[in-house]
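First the structure, in the form of structure tokens, and then the observations on it.
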Amino acid sequence: MEPLNKPVIRALVTGGSGGIGAAICRRLGAAGHYVYVHAHRGTAAAAAVVGDIEAAGGHAAAVHFDVTDAAATRAAVESLLETGPVQILVNNAGIHDDAVFPGMTSAQWNRVIDVAVNGFYNVTQPLILPMIRTRWGRIISISSISGLIGNRGQVNYAAAKGALNAATKALSLEVASRGITVNAVAPGIIATAMSGSSFDAAAIAQLVPMKRAGTAEEVASLVGFLASEEAAYISGQIISINGGMI
């Protein structure tokens, strides 16, 4: 449960049970924020992240809904808003469903777009007015280097992340005067369970000037900075973290 009689900034991290999402949750928890760790199916993993945050002295709770289900998402978000605004939102939920474009099915295209782009709308839209009323907020979306330079076999994923980048820039203009920043973080090759089978050591050495994959904690450090007061004059930016790939 939330700490009593203590002003606290509440944060929601979608996809908070995955590798990068979990690291972001732990980072925000360490910064003193109350963290809602979102998951769709990864209920046990979300509970474990909550346990990590609480073991470190922080406060968190797990929330479960499908970001592609507009009605369910709105109901879940409105339930969170009953006890106050959510002032930090990290749109991290996303999926891969890779295939070369001539063989890509409409289901593969729609599924990836649905989670990243419609999920962004479904979660962010009901949170934005309560955030505006506080005149302080941080919206950070996790994009990808694929959305900046493309990648073979990921036309759907690149399109989804490119749309997220464009939405970030447009929304930042709408809320800049209200003390709300809107940015995106575009990771390159990060060592997580999602990417582990995609790039071996030889491929990483060839693709990444630093000759290594990044870590989820390095991504979380950047997100933590963007969520802080120190980043108050940074908005509308797509910041890549990729070991020098671009």
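The values are calculated or read from the model by the stated rules, or taken from the named source; none is laboratory data. Please read these numbers as outputs of a predicted model, since none were measured by experiment. Using ideal geometry, Cβ is built from the backbone for each residue, glycine included, and neighbour counts are taken over all protein chains shown.
Applying the condition of being among the polar types (S, T, N, Q) and either surrounded by 14 or more Cβ atoms within 10 Å (Cβ to Cβ) or touching a strand residue (DSSP E or B) at 6+ places or on another chain (Cβ under 8 Å) (or both) to region 84-110 and asking which residue is farthest from Ser143 (Cα to Cα) yields Gln87.
Restricting attention to region 164-201, the residues that are over 17 Å from the mean Cα position of the chain (by Cα), aliphatic (A, V, I, L, M) and at pLDDT 90 or above add up to 4.
With respect to being under 17 Å from the mean Cα position of the chain (by Cα), of a type in the set (Val, Ile, Thr) and assigned to a loop (DSSP other than H, G, I, E, B), Ile128 falls outside the description.
Close Cβ contacts (under 6 Å, 6 or more residues apart or on different chains) running from residues in region 60-86 that are more than 15 Å from Val35 (Cα to Cα) to residues that are polar (S, T, N, Q) and not in a helix (DSSP H, G or I) comprise Val67/Thr14. The set of residues in region 138-157 that are of a type in the set (A, V, I, L, M) and free of Cβ contacts under 8 Å to residues at least 60 places away in the same chain comprises Ile139, Val155.
From the list Ala60, Ala23, pick out the single residue that is crowded, with 20+ Cβ neighbours inside 10 Å and touching a strand residue (DSSP E or B) at 6+ places or on another chain (Cβ under 7 Å). Residue meeting the stated conditions: Ala60. For region 26-57, filtered to residues that are among the hydroxyl-bearing types (Ser, Thr, Tyr) and touching a His at 6+ places or on another chain (Cβ under 8 Å), the residue that is surrounded by the most Cβ atoms within 10 Å (Cβ to Cβ) is Tyr34.
Cβ separations smaller than 8 Å between residues 6+ apart or across chains give the following pairs from region 23-41 residues that are touching a residue at least 60 places away in the same chain (Cβ under 8 Å) to residues that are part of a helix (DSSP H, G or I) and polar (S, T, N, Q): Arg27/Ser221. Within region 91-111, being more than 17 Å from the chain's Cα centre (by Cα) and not in a helix (DSSP H, G or I) holds for Asp97, Asp98, Ala99, Val100, Met104, Thr105.
Only residues that are assigned to a loop (DSSP other than H, G, I, E, B) and over 19 Å from Ala176 (Cα atoms): list them for region 219-246, please.
Residues satisfying the conditions are Asn242, Gly243, Gly244, Met245, Ile246.
For region 158-180, a tally of residues being in contact (Cβ under 8 Å) with a residue 40 or more places away in the chain and either part of a helix (DSSP H, G or I) or of a type outside the set (Gly, Ala, Ser) (or both) returns 16.
Quick grid of which residues meet (1) β-branched (Val, Ile, Thr); (2) closer than 21 Å to Val219 by Cβ; (3) out of contact with any Leu (no Cβ under 7 Å at 6 or more places or on another chain):
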{"residue": "Ala11", "(1), (2), (3)": "no, yes, no"}
{"residue": "Val37", "(1), (2), (3)": "yes, yes, yes"}
{"residue": "Ala48", "(1), (2), (3)": "no, yes, yes"}
{"residue": "Asp52", "(1), (2), (3)": "no, yes, yes"}
{"residue": "Asp69", "(1), (2), (3)": "no, no, yes"}
{"residue": "Glu82", "(1), (2), (3)": "no, no, yes"}
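Of all residue pairs spaced 6 or more apart or on separate chains, those with beta-carbon atoms under 6 Å, a first member in region 111-137 that is surrounded by fewer than 17 Cβ atoms within 10 Å (Cβ to Cβ) and a second member that is part of a helix (DSSP H, G or I) are Arg135/Arg178.
Filtering region 215-246 to residues that are closer than 19 Å to Gly15 by Cα and among the small types (Gly, Ala, Ser) leaves Ala216, Ala220, Ser221, Gly224, Ala227.
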